[in-house]
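To keep things clear, I will list the structure first and then write my remarks on it.
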Amino acid sequence: MKGKSPDLESTGSGTTTKRSSVSSGSRSRTRREFLTRFTNSEHFTDKLQDWFSLSLQNSESNEPVFDPPFELVELQKFDYALEGVSFQQLTRMPNAVYASTSASMEANAYLAIEDFLHATVKTLWEAFWSQEDEPVPFSVGCLYNQNLKFYQAEQALALGKLEDLSATGVLLKNPRHPHGKWDHILELALLRPDIESDHHQPSLPLLGEALFYALRILIARSVSRLDFSQSSNCVFILVADTQYGCVVKVEGDVSKLDFDVNSVYDCAAEWIKNHSKISVSPVDRIWNKLGNANWGDIGTLQVVFATYHSIMQFFGPPRHSIEDLAADHTSRLHSRRQERHLGEDTSLNGNGAFRSPEIVEVQEEQEERGESMKLEVGSVLWLEDSNYQKGYQISHMSLPHHIASPVEDDDDSGRAVFLYVGSPPSQLEPAWEDMNLWYQVQRQTKVLSVMKQRGLSSKYLPELHGSGRVIHPGQCQKPSSGGRCDHPWCGTPILATIPVGETVADLVNEGMFGPEEAIRCCHDCLSALSSSSSGGIRHGDIRPENVVYVTSGVRLPYFVLIGWGHAVLEERDRPAMNLHFSSTYALQEGKLCAASDAESLIYMLYFCCGGDLPDLDSVEGALQWRETSWSKRLIQQKLGDVSTILKAFSDYVDSLCGTPYPLDCDIWLRRLKRNLSEDHGKDIETSG
């Protein structure tokens, strides 16, 4: 509901309604009737018994039945962003040590979960979305099971409704509906005793209850008059007891639900089995033994991250992105290291405190060992690749990759490779830059390996030349094949790819990116995207630094699309976020549509061909620039000055932006080929 108040119930011109016809009105009435009859979670859970039993059988012993909703890398990035954010100390805690009765413990737990959710949404709103003391637009209330309305926890307890409280919800504030509306729910939290089962995830009765409430919210959103700026087909349910918690994520298209009002539970169960995707995070501690929230631990972090995504569904991308806040991690880390005064020669630090000389000796020894592994031109790195060793000698130092040559390999004599060197696993506190190294080395290794497994091959795609772990100087004392010794470089990952070329960014800086190069770049990148998409892989990070121009050892130069670390292999993968080059859909939804990579390619060509580079400092500003540039046809006009075929291609991509329709790559590859020089065109591949 970006930029809109939740009080949108009137029928004035500002109201966005889904009931624009008689048929849609009838559909809304049917869904509302379905919702009024869909009220018993136990009946619903009974219908899921067979499905859950089958899921248990298909999962490995003692392994989680469902995939987690968040990748560990996402949580780590979010954790970096929250380093400078302070969550309030809770005054009401769930683990009532001094409570004399079980009823008082349960009452305290409801008060505590309400405090926890309020602290979470308030802190996230102020850190990411708020502008100039903008009030928090949320309220937190407990769900009374008898009438499915929300009340403040203290009010419900005062009225003696403790036994009939079933959940705690975060809702949009709306004075016209003080007891809440189901389409105003951001997320629900279920407070239940002993939530963990043998598979480190909730048991069937508890999971069924979570799915029940999630489906009610999804149906309510489908008939809502609110204008959801983000996808409304996903909802998060938090499950907690007085120590532990987890996140249940349910997503799916409710239009595929058979709204038979005479068989609501059968229809709802069939939708869960056949048309939904369910993710459940591992049960982890969210409160410490004293009862206060473990704000910095992974259990609490995944709950807070779910709340972050719930807010984004209603209010769109934040004013301050996760990447913006996480960027300060390195400076904070540097400040902490300076405060420690490690490695000084004196025995007293700046505050006059004595520092053990033994610690200084260890530090100096580590520095000497680290110095012996310092990379420079001429350095040779050996790696373990399957059952044999490969060596690479660095000939040129640069970031994010060096240029090297294979050592003692007659087949590759004189052939250069891009050498990506990852972050040493001995580093105790990985810096923000190391997250980028993880994408460039480990993640890109995985993507290129998947490409090879799926048989994706094209001269315009990079090829895996070697990958493995560094073999460091001296004797390795690692305990096993999967372990590592105490050498600072032991276990450092390496990736080598071919071919090698000059980046488009460098070509532009050197004034070597003319009309011919622009058309060829468009053709070659589009061919690479066509090949990768045929195997279900999208790039997600197209920019001038990730396209290289190959000239060495070839008769006709060509472009190769590199930098596949942020590639999207499956639905839950998230592309890189770049204010200048990311597609509109990626900035709005955090994912790619069919035309997203082509849209990013257009932005790259536009800027590389002399288009004005705007000063963008927020997602909101980036989206506004895109809307203005496309509506005024500034991008098409600039590319039209370079070539009519690039202008036509940009018009075509504009027509597909944000839609599910795929690009017709073949026809545009043929058209681009015809606009290249005659002597070059006959050698161009049109597909992978």
| task | Would you point out which residue out of Arg484, Arg520, Arg469 is at pLDDT 95 or above and of a type in the set (D, E, K, R)? | result | Arg520
| request: Mind listing just one residue for me: the one in segment 240-275 that is acidic (Asp, Glu) and out of contact with any strand residue (DSSP E or B) (no Cβ under 8 Å at 6 or more places or on another chain) and, of those, farthest from Glu187 (Cα to Cα)? | output: Asp260
| query | Considering only residues of segment 562-584 that are of a type in the set (Val, Ile, Thr) and either touching a strand residue (DSSP E or B) at 6+ places or on another chain (Cβ under 9 Å) or in a loop (DSSP other than H, G, I, E, B) (or both), which is surrounded by the fewest Cβ atoms within 10 Å (Cβ to Cβ)? | reply | Val568
| remark: Note on Ser405: of the conditions (1) among the small types (Gly, Ala, Ser); (2) outside any strand (DSSP E or B); (3) touching a strand residue (DSSP E or B) at 6+ places or on another chain (Cβ under 8 Å); (4) at pLDDT 80 or above, unmet is (2)
| field | Members of segment 545-561 found to be surrounded by 21 or more Cβ atoms within 10 Å (Cβ to Cβ), of a type outside the set (A, V, I, L, M) and out of contact with any Gly (no Cβ under 6 Å at 6 or more places or on another chain), listed by number | value | Tyr558, Phe559
| Give me the pairs: first residue in segment 133-158 and small (Gly, Ala, Ser), second residue open to solvent by 70 Å² or more (accessible area, probe 1.4 Å), beta-carbon distance under 6 Å, and six or more apart or on different chains, which are they? | Ser139/Lys173; Gly141/Gln152
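Yes/no per residue for (1) within 17 Å of Leu461 (Cβ to Cβ); (2) modelled with pLDDT under 95; (3) small (Gly, Ala, Ser):
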{"residue": "Val554", "(1), (2), (3)": "yes, yes, no"}
{"residue": "Val560", "(1), (2), (3)": "yes, no, no"}
{"residue": "Trp564", "(1), (2), (3)": "yes, no, no"}
{"residue": "Glu571", "(1), (2), (3)": "no, yes, no"}
{"residue": "Leu579", "(1), (2), (3)": "no, yes, no"}
{"residue": "Leu592", "(1), (2), (3)": "no, yes, no"}
{"residue": "Asp597", "(1), (2), (3)": "yes, no, no"}
{"residue": "Asp615", "(1), (2), (3)": "no, yes, no"}
| task | Quickly run through segment 584-602 and pick out the residues that are touching a residue at least 60 places away in the same chain (Cβ under 8 Å) and either closer than 18 Å to Pro515 by Cα or acidic (Asp, Glu) (or both). | result | Glu589, Asp597, Leu601
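Listed here are the residues, each with its yes/no results for (1) surrounded by 14 or more Cβ atoms within 10 Å (Cβ to Cβ); (2) at pLDDT 80 or above.
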{"position": "Met93", "(1), (2)": "yes, no"}
{"position": "Val121", "(1), (2)": "yes, yes"}
{"position": "Glu132", "(1), (2)": "no, no"}
{"position": "Ser166", "(1), (2)": "yes, yes"}
| query | Restricting the search to segment 622-636, which residues are open to solvent by 10 Å² or more (accessible area, probe 1.4 Å) and under 11 Å from Tyr603 (Cβ atoms)? | reply | Trp625, Trp630
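The values are calculated or read from the model by the stated rules, or taken from the named source; none is laboratory data. Predicted model, so just to flag it, every value in this text is computed and none were measured. Glycine gets a Cβ as well: all are built from the backbone with ideal geometry, and neighbour counts include every protein chain shown. Surface areas here come from the heavy atoms of the whole protein model, side chains and all, with no ligands, DNA or RNA. Shrake-Rupley method; radii C 1.70, N 1.55, O 1.52, S 1.80 Å.
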